[in-house]
Amino acid sequence: MAKMKKAVTMADIAGKLDVSIVTVSKALSGQKGVSEEVRKKIVALAAEMGYQAPRRTDGGAKRQSFRIGVLIPAAAQGDSFYWKMYQAVADRAMEKDCFTSYEGLSREMTEKRVLPRLISDRAADGLIVIGRPGQDYGEFLRENAGIPLAFLDFYENVSGVDCFISDGFYGTYRLTNYLLERGHQDIAYVGTLFATESITDRYLGYLKALMEHGITPASDRVIPDRSLEDGVSENYQKYRLPEKLPTAFVCNCDYTAGILIRDLKQMGLKVPEDISVVGFDNFPETPYDEVGVTTYAVDIPRMAAGAVSSLIHQMKGENRKKGIHIVEGWLVEKGSVKDLRGKEA
C-alpha cells in the first residue's frame, strides 16, 4: 500500500524561504504587511509544493488547521498540575481543528539556551510554554523562536507575548480573609518567595489581607517550600517549620499543602483539629490529603482556551495587542480549616 504523502504546511513554506509563518499566512490570505515581491515568492512556492488552502466549514468560514507545540517542565510529565494544563490545551486545540505535541523542558536546556526540537525541527506553527522555565528562557524564546508564542500559568518581563495566569493575588487574599473571618490571627505562608511570579503574587495577596487587619507577620511566618535555584519542590523533603506553630498555614499550591499536612502528621498534629491549612489550584491529586484542602480553584479550561485562541490569531497573521490576561477562579471549601470564633486561637 502506497504511503500517504504528508500535507504541506505553512511552516514548510516558511522554512524554505526563511520567513515567519505569520508572513506566509498573510501572503496566502491576501492580508497587508507583506511586500509584493515576497508575496509572489510565497504564492509560487506554495503552488510548487502542493500546498492546499484551508478548508471551509459548513458555514463557509475559513477554518485553518495548525500545529501547536507545548513546552512543559520535564519533571511535570505524568499526573501533575501542568500535565492537566497540557491536556486542557490539547482538548481546546482539537476543538479548533488544531493538533498538539509536547516537549519536556530540562534545566540543561534553559541554562545552555537550547531551542526546543519543536522549533529547531520546524514541528510547530506556534508554541505554548506552560510554567515559568527560569533563566530568562522566556525572553530567549521570544527573540529566537521565530513562531508565535503564548505563556501559560506564568509571566515574564517581556513584551509582545500573551500571558495567561490565574488570579493568584486576589485568590490568596480571599483565602487569607477566609481564615481571618474564622478567628485565625497567627497565619503563616508556605512558599519560596521569588521562585516564581505566582508564588510571590500569592504571598502579596496573603500579606495584604493581614495588613488590612492590622497584622504584621513575623519573619519566621514565611516558610520556603522549594529550591530558589531550580524551583523544584521535590528537593525539599521536609519543611523547616517554626518552633512556635501558627494556627493556620496558607500554602502557595495544593501540592505544598499536601506535603505540609504530611509533616504535621509526623509531628503528631491533626488537620484541622490542631492546625488549619489552605492551598491553591484545587488539584485533585494532592498528596497526603485525607481531609480535603480548602483551596482556590484555577480555571484551567479558560486559561487553556485563552492561550490557544491567542496562538490561532497570531498564526493567522492577525495583529492584536498582547499582554497579561488574569483569569479569575473561585474559593472551594473543604475540610482543612477549623473555626476558632468564640475560642482562644
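Quick one: work out the % antiparallel among DSSP beta bridges in the chain, nearest 5. Walk me through the numbers before you get to the answer.
Working: 4 of 37 bridges.
Roughly 10 percent of the DSSP beta bridges within the chain come out antiparallel.
Only Lys, Arg, Asp and Glu count, each charged at its Cβ (+1, +1, -1, -1), so figure out the dipole size of the chain about its Cα centre, rounded to 20 debye. Walk me through the numbers on the way to the answer.
Working: 45 positive and 47 negative charges, 299 e Å.
Computed about the Cα centre, the dipole is about 1440 debye.
For the ranges 205-213, 173-181, what's the packing order if you count other beta-carbon atoms within 10 Å of each residue, average per peptide, and put the highest first?
Numbers: 205-213: 18.2, 173-181: 20.4.
The packing order, highest mean first, is 173-181, 205-213.
Give me the one-decimal nm value for the distance between modelled label points at Leu228 and Arg262, 7 Å along each residue's Cα-to-Cβ direction.
Modelled inter-label distance: 2.5 nm.
Say the dipole of the chain comes from +1 at the beta carbon of Lys and Arg and -1 at that of Asp and Glu; which of Pro217, Tyr288, Ile128 then lies farthest toward its positive end?
Farthest towards the positive end: Ile128.
Sum up the charges of everything whose Cβ sits under 10 Å from the Cβ of Glu197, counting Lys and Arg as +1 and Asp and Glu as -1, but leave Glu197 out. Could the numbers behind the result be given before it?
Numbers: positive: Arg132, Arg202; negative: Asp153, Glu156, Asp201.
Result for the neighbourhood of Glu197: -1.
With unit charges on the beta carbons (Lys and Arg positive, Asp and Glu negative) and the dipole taken about the Cα centre of segment 168-298, which residue among Cys251, Ser276, Thr200 sits farthest to the positive side?
The residue sitting most towards the positive pole is Ser276.
In a shell of Cβ-Cβ distance under 14 Å around Leu115, excluding Leu115 itself, what net charge do Lys and Arg (+1) and Asp and Glu (-1) give? Kindly include the intermediate steps, with their values, before the conclusion.
Numbers: positive: Lys112, Arg113, Arg117, Arg122, Arg142; negative: Glu103, Glu108, Glu111, Asp121, Glu139, Glu143.
Every neighbour counted, the sum reads -1.
With a cut-off of 20 Å, note down the residues of segment 142-157 whose backbone N falls inside the zone around a label point 7 Å from the Cα of Val38 toward its beta carbon.
Residues 142-149 fall inside that zone.
For segment 61-217, give the magnitude of the charge dipole about the Cα centre (Cβ charges: +1 Lys/Arg, -1 Asp/Glu; no others), in debye to the nearest 20.
Details: 17 positive and 21 negative charges, 68 e Å.
Here segment 61-217 has a charge dipole of around 320 debye.
Straight-line reach from Lys321: which aspartates and glutamates have Cα under 17 Å away, leaving out those fewer than 8 places along the same chain?
Candidates past the 8-residue exclusion: Glu156, Asp162.
Would you mind getting me the FRET efficiency between Lys208 and Asp186? Use the beta-carbon distance for r and R0 = 25 Å, nearest 0.05.
Values: r = 17 Å, r/R0 = 0.69.
Plugging the Cβ-Cβ distance into 1/(1 + (r/R0)^6) gives 0.90.
Find the centroid of the Cα atoms in segment 257-318 and in segment 161-194, then give the distance between the two in whole Å.
Measuring centre to centre over Cα atoms gives 12 Å.
Too long at a 32 Å Cα-Cα cut-off: which of Lys238/Lys322; Lys84/Lys244; Lys112/Lys208; Lys84/Lys338; Lys16/Lys84?
On the way: Lys238/Lys322 41 Å; Lys84/Lys244 37 Å; Lys112/Lys208 38 Å; Lys84/Lys338 30 Å; Lys16/Lys84 36 Å.
Violating the 32 Å Cα-Cα cut-off are Lys238/Lys322; Lys84/Lys244; Lys112/Lys208; Lys16/Lys84.
Taking the dipole about the Cα centre of the chain, with the C-beta of Lys and Arg at +1 and of Asp and Glu at -1, give me whichever of Trp330, Asn177, Ala11 is farthest to the positive side.
Checking the options against the dipole of the chain, the answer is Ala11.
Taking square-rooted eigenvalues a ≥ b ≥ c of the alpha carbon gyration tensor, is segment 168-298 rounded, prolate or oblate, where a/c under 1.5 means rounded and, failing that, a/b exceeding b/c means prolate? Before the final figure, lay out the partial values.
On the way: a/c = 1.27, a/b = 1.09, b/c = 1.17.
It is rounded, given that a/c, with a ≥ b ≥ c, falls under 1.5.
Each value in this text was obtained by applying a stated rule to the coordinates, not by laboratory testing. Predicted model only: the values in this text are computed from it and were never measured. Cβ: placed from backbone, ideal geometry, glycine included. Neighbour counts: every protein chain shown.
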